[in-house]
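Below is one structure, written out as structure tokens; comments come after it.
The values are calculated or read from the model by the stated rules, or taken from the named source; none is laboratory data. Please read all numbers here as calculations on a predicted model, not as lab measurements. All Cβ positions, even for glycine, are placed from backbone atoms using ideal geometry, and neighbour counts span all protein chains on display. For the accessible areas, the whole protein counts, side chains as well, though only heavy atoms, and no ligand, DNA or RNA atoms are used. Shrake-Rupley method; radii C 1.70, N 1.55, O 1.52, S 1.80 Å.
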Amino acid sequence: MKISLFTDADVFAGTERHMLDLATALRADGIDVEIACPERGILAERGRLAGVPIFAVEKGRGLDIAAARRMSERLRTGKIDLIHSHNGRTIFIAALAATLARRGHTVATQHFTRPARLQRQGFRGWLSRRVHQALAGRTDHIVAISEIVRKGILERGEVGPEKVTMVWNGIADPSMEPLRPATEIRAEFHVPAGAPLIVSAARLEPEKSVHLLIEAFGKLRSTHPRAHCLIAGEGRQRAELQALIDRLGIADSLRLIGYQPDVLSIVGAANLFALPSPEEPFGLALVEAMALGRPVIAMRAGGPLEIVRDGESGLLVAPENAEELCAAMSLVLTDHTLANDLRHRARQRFLSCFTAQRMARDMARIYSKTTRSGVAINVGQSRTSECARSLTGTSGQSL
């Protein structure tokens, strides 16, 4: 098989990180894979550093027929056998490319619980839904990054259950990265030695509910006056959230530290990691923290329900409940036996369910079945299905 992982995004966020980890793990398993993306993007740069071949496809306007023709030529000449697309525009381009080439296969990953097109209204919204229904029909298989995403696809009637498979995201083991010492991180951000440190990483956008963590931390200070909190990420709400911090009088101990290129070292220096978002389709930041053996606290909703076993590999609390989040943080900081148990079990859950190697094996099964028959059904059981059934009690179409 010759696989092309395709995106026209010119940023490097969760989806692009997923593609890089997937490409690297597939190549380690001997699969011929490239990344098709804009030439000057961060994904292309990091892909080359990781030894992944890059096929340059610049982001065009509208339907981007030029990109479809370029990808079609690669299919037609046998340079690739399958296009695996990762956003709405590239799903369209891949389907058109396969149609023009009259050969090859297409797989698409849905990374969101509610794709942006669902927000469109009127004629534009109707047209968008019809186009995406047609695209789903021309796409050989769809991969959902979590069970909640898979259910959303089925509830919207985009495809039948035989045509969508849940494969949890996996990541390269961050513990193998050269992390900076915790003492260095604490000194940089003025966190006193021995002070409890809570870390979060989230875009400063309304859907991430960063305000909830700020409010919960304000309450926590009454029982843990030495506690500090660092929130990594940028977004439109920065000024609004900073005003809330100032109003609560906690600016001396809670800092918005913006985008951080080495966020893993900051997470590694923490006593616990908190993710306040109530609408995560998956939650890569949680998996990273668990892989580093950090106790995690997340909302009892969305992707975190599938990642965290409440009370075993982390704690789950009610969405938008600052009191409950505060109580959970206080419990972890106070009960050292519990914190140590959570660290150990979080790391073990990562190794069992969320490695890039597991993800690559599951995805390779889909590619293999798709290139043989055009659909990827009944591909057998793997670590993902075992983990998913033990957590959710369901046995839907999952690898």
**Request:** Check 11, 52 and return the single one that is in contact with a strand residue (DSSP E or B) (Cβ under 9 Å, 6 or more places away or on another chain), hydrophobic (A, V, I, L, M, F, W, C) and surrounded by fewer than 22 Cβ atoms within 10 Å (Cβ to Cβ).
**Result:** 52
**Item:** Test for residue 297: is it open to solvent by less than 30 Å² (accessible area, probe 1.4 Å), hydrophobic (A, V, I, L, M, F, W, C), part of a strand (DSSP E or B) and within 20 Å of residue 324 (Cα to Cα)
**Value:** yes
**Prompt:** Take the residues of segment 218-229 that are assigned to a helix (DSSP H, G or I) and of a type outside the set (Lys, Arg): which is surrounded by the most Cβ atoms within 10 Å (Cβ to Cβ)?
**Reply:** 220
**Asked** Looking at segment 308-325, which of its residues are surrounded by 24 or more Cβ atoms within 10 Å (Cβ to Cβ), in a loop (DSSP other than H, G, I, E, B) and of a type outside the set (S, T, N, Q)?
**Response** 308
**Message:** Could you tell me how many of the residues in segment 196-217 are in contact with a helix residue (DSSP H, G or I) (Cβ under 8 Å, 6 or more places away or on another chain) and either among the small types (Gly, Ala, Ser) or open to solvent by 10 Å² or more (accessible area, probe 1.4 Å) (or both)?
**Reply:** 7
**Fill in**
Every listed condition ((1) modelled with pLDDT under 95; (2) hydroxyl-bearing (Ser, Thr, Tyr); (3) within 20 Å of the chain's Cα centre (by Cα)) holds for residue 352 save (1)
**Fill in**
Flagged in segment 57-79 as modelled with pLDDT of 90 or more and within 27 Å of the chain's Cα centre (by Cα), in numbering order, are 57, 67, 68, 71
**Prompt:** Which of (1) surrounded by 16 or more Cβ atoms within 10 Å (Cβ to Cβ); (2) modelled with pLDDT under 95; (3) out of contact with any strand residue (DSSP E or B) (no Cβ under 6 Å at 6 or more places or on another chain); (4) in a helix (DSSP H, G or I) is the odd one out, the single condition residue 368 does not satisfy?
**Reply:** (1)
**Message:** Take the residues in segment 163-196 that are aliphatic (A, V, I, L, M) and under 24 Å from the mean Cα position of the chain (by Cα); name whichever of them is farthest from residue 254 (Cα to Cα).
**Reply:** 164
**Request:** Select from segment 261-279 the residues that are open to solvent by 20 Å² or more (accessible area, probe 1.4 Å) and either closer than 14 Å to residue 145 by Cα or in a loop (DSSP other than H, G, I, E, B) (or both) and list them in ascending order.
**Result:** 261, 262, 271, 278, 279
**Prompt:** Among the residues of segment 281-294 satisfying the criterion of being touching a residue at least 40 places away in the same chain (Cβ under 8 Å) and part of a loop (DSSP other than H, G, I, E, B), which is surrounded by the fewest Cβ atoms within 10 Å (Cβ to Cβ)?
**Reply:** 293
**Asked** Conditions: (1) in a strand (DSSP E or B); (2) farther than 24 Å from residue 284 by Cα; (3) among the acidic types (Asp, Glu). Residue 34 meets all but one. Number of the miss?
**Response** (2)
**Message:** Take the residues in segment 80-102 that are outside any helix (DSSP H, G or I) and more than 21 Å from residue 41 (Cβ to Cβ); name whichever of them is modelled with the lowest pLDDT.
**Reply:** 102
